[in-house]
Amino acid sequence: MSVAGLHLLQLVSPALPVGAFSYSEGLEVLVQRGDISTAKALQDWLEAELTRGGIRIEAAALGPLQEALREHQLMATAGAESDDAQLARGALIDLDGWLLAQREASELRAQQRQMGRSLLQLLAQLGWPLQPEGELAWPAAWAWAGLCLEIPLPDLVEAYLYGWCANQISAAVRLVPLGPTQGQRLQLALAPLLVERGRELAIADPREQWSGGIGSGLCQLHHAELYSRLFRS
């Protein structure tokens, strides 16, 4: 395996200290409501989100985010107060904000900010600070990690989708509950779809994508109303 491949494994590792394990992204609502109570129901839900949900828009945006980050870093290095630097930073912030606005629930927006901040802090401590420092959400932080670790874009997009699925399955193992073997079986079953969607979205324009994840958005909004909760979203 290449060095970039090992870097990718490190990026998707559950040991990455960004707090992803503490979020269910509305899955907790579905389980409490009885809509997801089996491995098959969970698989159907994840396949629907990968095919029609908002996660597709974020995955497709990783390439444009990397372009904006390259320009931003180049201009910041040349002169943080120059007009070109301000334009480059503005383009990055606009794209980051547009993606954040796709998340209907305040809990999900807080999740994106917290995980993005944690990853950027980690990368800075590892020797890859983003200058000038600022707040970016999770997709932009993931895109910056891909640049720092020299991970090819198709692999980075595929890993973004894989990491999202792995976190959802991990939450379901505790919530449904599913046995760990069922969780691993489901991860294997989703692999062909993850590869297919990763290849398609790596060359897609995020602004031409659409989200049919209305049910997901409603679940995320309702999470704040749950009487008892294990997860933060």
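The values are calculated or read from the model by the stated rules, or taken from the named source; none is laboratory data. Keep in mind that this is a model prediction, so the values were computed, not measured. Please note: Cβ atoms are built from the backbone with ideal geometry, for glycine as well, and neighbour counts cover all protein chains shown. Heads up: the accessible areas ignore ligands, DNA and RNA and are worked out on the full protein's heavy atoms, side chains in. Shrake-Rupley method; radii C 1.70, N 1.55, O 1.52, S 1.80 Å.
Inside the range 1-113, counting only helices (runs of 4 or more DSSP H) that do not spill past its ends, which hold 2 or more residues that are modelled with pLDDT of 90 or more, under 20 Å from GLU135 (Cβ atoms) and among the acidic types (Asp, Glu)? So that I can check it myself, show each step before the final result.
On the way: elements: 3-12, 27-33, 39-52, 55-60, 62-78, 83-101.
Because the criterion is at least 2 residues that are modelled with pLDDT of 90 or more, under 20 Å from GLU135 (Cβ atoms) and among the acidic types (Asp, Glu), the helices (runs of 4 or more DSSP H) in the range 1-113 that meet it are 83-101.
Counting only residues that are under 17 Å from the mean Cα position of the chain (by Cα) and not β-branched (Val, Ile, Thr), which one in the range 169-186 is most open to solvent (accessible area, probe 1.4 Å)?
Step one: of the range 169-186, the residues under 17 Å from the mean Cα position of the chain (by Cα) are 169-171.
From what's left, not β-branched (Val, Ile, Thr): 170-171.
Working: SER170: 50, ALA171: 0 Å².
So the residue we want is SER170.
Answer yes or no as to whether SER13 is farther than 20 Å from GLU158 by Cα, within 18 Å of the chain's Cα centre (by Cα) and surrounded by fewer than 22 Cβ atoms within 10 Å (Cβ to Cβ). First the steps, then the outcome.
Numbers: farther than 20 Å from GLU158 by Cα: no; within 18 Å of the chain's Cα centre (by Cα): yes; surrounded by fewer than 22 Cβ atoms within 10 Å (Cβ to Cβ): yes.
No; evaluated as a whole, the condition is false for this residue.
Kindly indicate whether VAL18 is exposed (fewer than 12 other Cβ atoms within 10 Å of the Cβ) and over 20 Å from GLY183 (Cβ atoms).
Values: exposed (fewer than 12 other Cβ atoms within 10 Å of the Cβ): no; over 20 Å from GLY183 (Cβ atoms): yes.
Spelling it out, it is not the case that VAL18 is exposed (fewer than 12 other Cβ atoms within 10 Å of the Cβ) and over 20 Å from GLY183 (Cβ atoms).
Which residue, of ALA141, ALA191, ALA166, is open to solvent by 20 Å² or more (accessible area, probe 1.4 Å), touching a residue at least 12 places away in the same chain (Cβ under 8 Å) and assigned to a helix (DSSP H, G or I)? Spell out the reasoning first.
Details: ALA141 fails: open to solvent by 20 Å² or more (accessible area, probe 1.4 Å); ALA191 fails: touching a residue at least 12 places away in the same chain (Cβ under 8 Å).
So the residue among ALA141, ALA191, ALA166 that is open to solvent by 20 Å² or more (accessible area, probe 1.4 Å), touching a residue at least 12 places away in the same chain (Cβ under 8 Å) and assigned to a helix (DSSP H, G or I) is ALA166.
Consider LEU11 carefully, then state whether it is without any contact (Cβ under 8 Å) to a residue 24 or more places away in the chain and more than 23 Å from TYR227 (Cα to Cα). Explain how you work it out, then say what you get.
On the way: without any contact (Cβ under 8 Å) to a residue 24 or more places away in the chain: no; more than 23 Å from TYR227 (Cα to Cα): yes.
No; evaluated as a whole, the condition is false for this residue.
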